[in-house]
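The values are calculated or read from the model by the stated rules, or taken from the named source; none is laboratory data. The structure presented is a predicted model; accordingly, all values stated were derived computationally and were not measured. When we count neighbours, we look across all protein chains shown, and the Cβ atoms used for this are built from the backbone with ideal geometry, even at glycine.
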Amino acid sequence: MRKNIVAGNWKMNNNTTQTKALINDLKGALEKVSANCRVLISPTSINLTSAVEATKGSVIEVSAQNMHQATSGAYTGEISANMLQDVGVKTVILGHSERRTFFGEDDTMLTEKVTTALENNLEIIFCFGELLEDRKSDNHFNVVESQLKNVVLALNASAWKNIVLAYEPVWAIGTGETASPEQAQEMHAFIRGLVEATYGKILANNVSILYGGSVKPANAQEIFSKEDVDGGLIGGASLNATDFTGIITAF
């Protein structure tokens, strides 16, 4: 049975002091409510160790924002899967649109990263989604299908126990624009259909598909109520404990 998930991607925000303070605020807020979903936060790599320590004993899990595909070597500024495991991180975000756009991560590189993560028993939140021009030209389904088929839909079925999908329409990230709940459901149903066509209905029904794109407390409940939307990958709103808790309690 697939799980509901709310994951916060903190991106390049919060120093160590701010990270600990936000975690403490979030822990305090979550003690007063019922979290009917998995809760993850993704601090910057420099703060992963302190975040893992600060979240011990709470419902909050810590994930990484990225990792390198190599085991080790001369890759200045990068972090490996083993390094993530060593500090207690068990989940990593891969394929985020900002990594694709600003750092040139293509399907070939992402395939290598996904392979490495799986070999190291890391759970993957795999991101994908279309640009505004793709949506306007009615090419969004083709773009999403290509991004999935070129990477995760080429995996063995056994790998999918460690895969979470995150659909992020790039035009709705940090812009204040949000896909309507109907648009989100339409794409999520299409995505689940692709998984089903490749692996069968049982596996497809067990895959969590998150929506990422300007989710806020005001719209989270309506978006999450859709049949094929299993939660959200949250950006800006995850940097505020009250807002992030409001999204979590939308379930």
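Return the residues of segment 153-176 that are touching a residue at least 60 places away in the same chain (Cβ under 8 Å) and over 18 Å from Arg192 (Cβ atoms); say none if nothing qualifies.
Scanning segment 153-176 gives Val170, Ile173, Gly174.
If you go through segment 109-137 and keep only what is closer than 17 Å to Leu148 by Cβ and hydroxyl-bearing (Ser, Thr, Tyr), you end up with Thr111, Thr115.
The set of residues in segment 204-213 that are under 21 Å from Ile93 (Cα atoms) and assigned to a helix (DSSP H, G or I) comprises Ala204, Asn206.
Across segment 31-48, the qualifying residues are those that are touching a helix residue (DSSP H, G or I) at 6+ places or on another chain (Cβ under 8 Å) and either at pLDDT below 95 or at positive phi (or both), and the one among them that is surrounded by the most Cβ atoms within 10 Å (Cβ to Cβ) is Ala35.
Does Val164 qualify as being closer than 28 Å to Met12 by Cβ, in contact with a helix residue (DSSP H, G or I) (Cβ under 6 Å, 6 or more places away or on another chain), modelled with pLDDT of 95 or more and not in a helix (DSSP H, G or I)?
Numbers: closer than 28 Å to Met12 by Cβ: yes; in contact with a helix residue (DSSP H, G or I) (Cβ under 6 Å, 6 or more places away or on another chain): no; modelled with pLDDT of 95 or more: yes; not in a helix (DSSP H, G or I): yes.
Here the answer is no, as Val164 does not meet what is asked.
Pairing each residue of segment 1-16 that is free of Cβ contacts under 8 Å to residues at least 40 places away in the same chain and of a type outside the set (S, T, N, Q) with any residue that is crowded, with 17+ Cβ neighbours inside 10 Å and in a loop (DSSP other than H, G, I, E, B), provided the two are 6+ apart or on different chains, yields C-beta distances under 7 Å for Met12/Thr44.
Considering segment 1-12 alone, what residues qualify as being in a loop (DSSP other than H, G, I, E, B) and either over 23 Å from Ile79 (Cβ atoms) or more than 17 Å from the chain's Cα centre (by Cα) (or both)?
Met1, Arg2, Lys3, Asn4
Screening segment 177-199 for residues that are without any contact (Cβ under 8 Å) to a residue 40 or more places away in the chain and assigned to a loop (DSSP other than H, G, I, E, B) and picking the one that is surrounded by the most Cβ atoms within 10 Å (Cβ to Cβ) gives Ala179. Residues in segment 137-177 that are within 17 Å of the chain's Cα centre (by Cα) and of a type in the set (Val, Ile, Thr): Val144, Val151, Val152, Ile163, Val164, Val170, Ile173. Each residue in segment 224-234 was checked for being more than 12 Å from Ile248 (Cα to Cα) and either crowded, with 22+ Cβ neighbours inside 10 Å or in contact with a Gly (Cβ under 8 Å, 6 or more places away or on another chain) (or both), and 1 pass.
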